[in-house]
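Asker: My structure is below; once you've seen it, I'll send some questions.
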Amino acid sequence: FPSCQVFSIVVFASITAEGYVNSPYEADVKCVFNGNDGVCRYGVGIGVIAFLACIAFLLADALLPSMSSAQERKYVVLADLGFSGAWTFLWFVCFCLTADQWTKTINTTGIPKDAAQAVIAFSFFSLASWVSVCVCVCVCVCSSGVWSDRVCVCVCVYLYNYLCEDQFEC
């Protein structure tokens, strides 16, 4: 999805461009998120990897119809599902981490607040985008016959229970 690419660019570009500042009293630059350089490195890292993965899976999706083996197509789709699920979790961690560290930042003078808030917001938007990718890939897997109907029903029931907080059994 293009939204995943755009959101990841916003996150890592905002951190790279305005995520580090130095105070008038120190020569060293610090991350705007409570001076925690790990938060900035984490956001840049998953943003860059997500952007590159989006390009790779876009190419894989373009080549999918020309793959002669159903086994190869199955592995590409399952890799997409696995990566999307993992990146959904990693964006959730990024959102929680940046929001938590931003609330702990005491002195915000001289810090570009808009960039920090953009990182937090677009981390959340990325989370929502990767969830939608997971759902779309699950639908694709279920409609293509890669999984049995029983597994597809279980996955859909699980997603419904998770999103709607109802309790149906598989």
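Asker: Do the conditions hold for Leu97, that is, is it closer than 12 Å to Phe7 by Cα, surrounded by 18 or more Cβ atoms within 10 Å (Cβ to Cβ) and not polar (S, T, N, Q)? Quick ask: steps written out before the conclusion?
Answerer: Numbers: closer than 12 Å to Phe7 by Cα: no; surrounded by 18 or more Cβ atoms within 10 Å (Cβ to Cβ): yes; not polar (S, T, N, Q): yes.
Spelling it out, it is not the case that Leu97 is closer than 12 Å to Phe7 by Cα, surrounded by 18 or more Cβ atoms within 10 Å (Cβ to Cβ) and not polar (S, T, N, Q).
Asker: Another question, if that's okay. Name every residue in segment 8-36 that is among the hydroxyl-bearing types (Ser, Thr, Tyr) and outside any loop (DSSP other than H, G, I, E, B), in order of residue number. Let's see the steps before the verdict.
Answerer: From segment 8-36, those among the hydroxyl-bearing types (Ser, Thr, Tyr) are 8, 14, 16, 20, 23, 25; that's our starting set.
Those that are among the hydroxyl-bearing types (Ser, Thr, Tyr) and outside any loop (DSSP other than H, G, I, E, B): Ser8, Ser14, Thr16, Tyr20.
Asker: From the list Val133, Val48, which one is under 30 Å from Glu26 (Cβ atoms), under 18 Å from the mean Cα position of the chain (by Cα) and assigned to a helix (DSSP H, G or I)? Write out each step before concluding.
Answerer: Details: Val133 fails: under 30 Å from Glu26 (Cβ atoms).
The match here is Val48.
Asker: Could you list, in sequence order, all residues of segment 16-45 that are touching a Ser or Thr at 6+ places or on another chain (Cβ under 9 Å) and either buried (at least 22 other Cβ atoms within 10 Å of the Cβ) or on the phi > 0 side of the Ramachandran plot (or both)?
Answerer: If the condition is that a residue be touching a Ser or Thr at 6+ places or on another chain (Cβ under 9 Å) and either buried (at least 22 other Cβ atoms within 10 Å of the Cβ) or on the phi > 0 side of the Ramachandran plot (or both), then Val32, Phe33, Asn34, Gly35, Val39, Cys40, Gly43 are the ones that fit.
Asker: Is there any pair linking a residue in segment 124-139 that is among the charged types (D, E, K, R) to one that is surrounded by 20 or more Cβ atoms within 10 Å (Cβ to Cβ) and not in a helix (DSSP H, G or I), with Cβ under 9 Å and at least six apart or on different chains, and which?
Answerer: As it stands, the answer is none, since no pair meets every condition given.
Asker: With respect to Arg150, is the statement that it is on the phi < 0 side of the Ramachandran plot, charged (D, E, K, R), modelled with pLDDT under 80 and under 24 Å from the mean Cα position of the chain (by Cα) true? Break it down stepwise before answering.
Answerer: Numbers: on the phi < 0 side of the Ramachandran plot: yes; charged (D, E, K, R): yes; modelled with pLDDT under 80: yes; under 24 Å from the mean Cα position of the chain (by Cα): no.
Taking the combined requirement at face value, the residue does not satisfy it.
Asker: Looking at (1) under 14 Å from the mean Cα position of the chain (by Cα); (2) open to solvent by 40 Å² or more (accessible area, probe 1.4 Å), can you tell me which one Ala56 breaks?
Answerer: (1)
Asker: Six or more apart or on different chains, Cβ atoms under 7 Å: show the pairs whose first residue is in segment 41-63 and within 19 Å of Ala118 (Cβ to Cβ) and whose second is open to solvent by 40 Å² or more (accessible area, probe 1.4 Å) and at pLDDT 90 or above.
Answerer: Tyr42/Leu97; Gly43/Phe12; Val44/Phe12; Val44/Thr16; Ile46/Leu90; Gly47/Phe12; Val48/Phe12; Phe51/Ile9
Asker: When you scan segment 65-83, do you find a residue that is within 21 Å of Val10 (Cα to Cα) and in contact (Cβ under 8 Å) with a residue 60 or more places away in the chain, even just one?
Answerer: Going residue by residue through segment 65-83, those that are within 21 Å of Val10 (Cα to Cα) are 83.
Next, from what is left, pick out any that are in contact (Cβ under 8 Å) with a residue 60 or more places away in the chain: none.
So far as segment 65-83 goes, no, none of its residues is within 21 Å of Val10 (Cα to Cα) and in contact (Cβ under 8 Å) with a residue 60 or more places away in the chain.
The values are calculated or read from the model by the stated rules, or taken from the named source; none is laboratory data. Just so it is clear, the model here is predicted, and its values are computed rather than measured. Backbone-built Cβ (ideal geometry, glycine too); neighbour counts: all protein chains shown. Areas reflect the complete protein model, heavy atoms only, side chains present, ligands, DNA and RNA absent. Shrake-Rupley method; radii C 1.70, N 1.55, O 1.52, S 1.80 Å.
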